[in-house]
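I have placed the structure first, in the form of structure tokens, so that the comments after it can refer back to it.
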């Protein structure tokens, strides 16, 4: 379910400017970065927007791996993976791990097994051992290999984000793709407009899930120019592109937990709470308190994630850790 070319109007630039002042004060060169794996169609590693994003915030591409059956290459012959990675890099400073799991816009019967292998390696102690996995992909049918890999990752306290699907017209039980519908182990992400309204292609709210959504319409993203009539960018829309926004927000929260405590007078994020934070349930809880149920057609709909309240640089720094402590203690 990798979307083809998406159309959309120009979007707002988000509110990353609110977040950056806090983290830029707290960053130290020796601090480790949050490790994020993007499992997708590869990456145009020389794309100017990729190199610009890394240069501006200090991110780096640490490892890459091609799991497809094609001749080994991390290069992106589709464009989707490049866009997803570049959006993530614009939101957060991370150690990026790129896994190529498809060499085409459409999946074949080998793809689920490749995705399962990549998830297992990306989240295992003998592999990349990343903190966050971004799956801007999905399948209509459940795959046991992917399920096992995600359950293993969940046991290791890995945080997995997956696109909810761009097939809102499907019958209700299939509206949310697999593995996004594994809501006990995966945080599914829907797409919203700049006005915080659920996108038409995003699934309606599902029972038993938090139904989080982030900006996913009309995002100008990097795209390999040789696949785009010579243009280095494309306006993209859909849950595939909302998912790296959500993962980037989670990475910012984890980075805050690394950086906090370095300013005089800053209250500490308690060790036990920090351990919870670096897990599926911890990030889910923070997203719950950072989100608001938004109406659509005058009815309660999905939850829009608003991180700006937590990362408001006008507030006293000690309040951030105290508030996170309080939220996590309610789990």
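The values are calculated or read from the model by the stated rules, or taken from the named source; none is laboratory data. Quick caveat: nothing in here was measured; it's all calculated off a predicted structure. Because the Cβ atoms are built from the backbone with ideal geometry, glycine has one as well, and the counts that use them run over all protein chains shown.
Evaluate segment 81-94: report whether one residue or more is touching a helix residue (DSSP H, G or I) at 6+ places or on another chain (Cβ under 8 Å), within 23 Å of residue 178 (Cα to Cα) and not in a helix (DSSP H, G or I).
no
Given the condition under 29 Å from residue 256 (Cα atoms), touching a residue at least 40 places away in the same chain (Cβ under 8 Å), over 16 Å from the mean Cα position of the chain (by Cα) and crowded, with 24+ Cβ neighbours inside 10 Å, answer yes or no: does some residue in segment 81-89 qualify?
no
Take the residues in segment 207-228 that are in contact with a strand residue (DSSP E or B) (Cβ under 8 Å, 6 or more places away or on another chain) and in a loop (DSSP other than H, G, I, E, B); name whichever of them is surrounded by the fewest Cβ atoms within 10 Å (Cβ to Cβ).
Here the residue is 228.
Working carefully through the options 167, 188, find the one that is under 24 Å from residue 295 (Cα atoms), modelled with pLDDT of 95 or more, crowded, with 16+ Cβ neighbours inside 10 Å and out of contact with any helix residue (DSSP H, G or I) (no Cβ under 6 Å at 6 or more places or on another chain).
So the residue among 167, 188 that is under 24 Å from residue 295 (Cα atoms), modelled with pLDDT of 95 or more, crowded, with 16+ Cβ neighbours inside 10 Å and out of contact with any helix residue (DSSP H, G or I) (no Cβ under 6 Å at 6 or more places or on another chain) is 188.
Quick check on my filter: what residues within segment 46-80 are more than 26 Å from residue 108 (Cα to Cα) and touching a helix residue (DSSP H, G or I) at 6+ places or on another chain (Cβ under 8 Å)?
47, 49, 50, 53, 54, 57, 59, 60, 61
Could you grab me the full set of residues in segment 284-300 that are assigned to a strand (DSSP E or B) and out of contact with any strand residue (DSSP E or B) (no Cβ under 9 Å at 6 or more places or on another chain)?
299
Step by step: first the residues of segment 90-126, then only those that are over 24 Å from residue 60 (Cα atoms) and buried (at least 20 other Cβ atoms within 10 Å of the Cβ), then the one that is nearest to the chain's Cα centre (by Cα). Which residue is that?
It comes out as 116.
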